[in-house]
Amino acid sequence: MIPPLGRLRHALIEQAERIAVLAERVRGLMGRLKEQERLLSLATEGSAQLREHAQHHRAATRRAALLGRSERPIVVGPWCGEVGFELLYWLPFVRWMVERARIDGDRLIVVTRGGAGEWYRDLTTRGVEIFDLIDTTAFRDHAETWKQHRISTFDRQLIAGAMATAGVRRVRLLHPQVMYRLLTAYWKEEAVLEPIASFLRYARLPEPPRHPVMDTLPAAYVAAKFYFSQSFPDTAANRAFVQRTIAEAAEHMPVVLLIAGAQLDDHHDAAVANATGVRVIRTDVRDNLAAQSAVVAGARRFIGTYGGFSYLAPMYGVDSLSFFSAREKLVPFHLEHADRVFGSARLGRFVALDVADARFLSMTHETLSA
């Protein structure tokens, strides 16, 4: 009986081994099946994203075709959003639209705020100042419209006011929603059809007209604008960093510190104690962007918070050094896109640093001075 039992035991062991191999193969097949399901889900999701992007792509090109065929005046805006988005995306998108549709500048009526109409002077001389239509309180109360993915009731009121101011009755509209819907896929780093550069045209901003604020400034100076934001929060460390950075800059060249005339969004200016070589410029809200643009355009360098004004300086051919401290609050695409755009022909250099890395600047300066 012993030998048959031994053979049976051996056969059972072999069968168990074969079952284990089979089970491993089944697990492998199940794993591959799950991976295929995941890839299929991603492909389906990517396909849906591509279809949505294609829809917005067609909407933008159809809008260009419509504007090109029409002879009516075109209301551009109203732009109620951030300075950074206006400079980095909206204005270049408007340039692309004008180029694509071959639009005569006399047809454009730019609607923006704070004197920012100066940025469009190479496209058109026609513009309407939003603060001629409403006061700052009414503007601030409509913060929900600042990301203008749709034409809001507030936007329609501004459009009507702009038409009355410009003396026109029938117009075409180029509203920021066209840009937002087209470019959101890029900002979210989703599936897209073409590079973002296909829809944006960058150029150096036209030299700003002489502003009275310039009569009080030295011949050579550094422009500075520090404010607190999500990526540069109001902390004791950041307040000390601003004070120290401005004081160090003022040791080499006079510093002109720009202060907004009113708080229109969730940003607020960083207070700076009196320091030798620092001149503070406070501007009226109605033309604060025009005044600050003149100051930035006339500067040798710009230092400040990473964001809107750090983009403005390179667009006037002025080198820009800006800072952030909460990297997790940044949208990487915007910073990477600015790095790609600036520093090209006729645009100033652009450097944005984490405050934690700023010490390397002083180390480099000490090494070079040694």
Residues of the stretch 118-133 that turn out to be over 14 Å from Met163 (Cα atoms) and either over 19 Å from the mean Cα position of the chain (by Cα) or touching a residue at least 60 places away in the same chain (Cβ under 8 Å) (or both), as a count: 8
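Residues to consider are Ala338, Ala313, Ala326; find the one that is surrounded by fewer than 17 Cβ atoms within 10 Å (Cβ to Cβ) and aliphatic (A, V, I, L, M).
Being surrounded by fewer than 17 Cβ atoms within 10 Å (Cβ to Cβ) and aliphatic (A, V, I, L, M) holds for just one of Ala338, Ala313, Ala326, which is Ala326.
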Leading residue by the ranking (least open to solvent (accessible area, probe 1.4 Å)) among those in the stretch 114-156 that are closer than 14 Å to Ala290 by Cβ and of a type in the set (Asp, Glu): Glu129
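Residue-by-condition table, conditions (1) assigned to a helix (DSSP H, G or I); (2) among the β-branched types (Val, Ile, Thr); (3) in contact with a Pro (Cβ under 9 Å, 6 or more places away or on another chain); (4) within 20 Å of Leu182 (Cα to Cα):
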site: Phe85; (1), (2), (3), (4): yes, no, yes, yes
site: Leu91; (1), (2), (3), (4): yes, no, no, yes
site: Glu99; (1), (2), (3), (4): yes, no, no, yes
site: Ile103; (1), (2), (3), (4): no, yes, no, no
site: Asp122; (1), (2), (3), (4): no, no, yes, no
site: Phe131; (1), (2), (3), (4): yes, no, no, no
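The values are calculated or read from the model by the stated rules, or taken from the named source; none is laboratory data. In this text, all values refer to a predicted model and were calculated from it rather than measured experimentally. Backbone-built Cβ (ideal geometry, glycine too); neighbour counts: all protein chains shown. These accessible areas exclude ligands, DNA and RNA; they are computed on the full protein's heavy atoms, side chains included. Shrake-Rupley method; radii C 1.70, N 1.55, O 1.52, S 1.80 Å.
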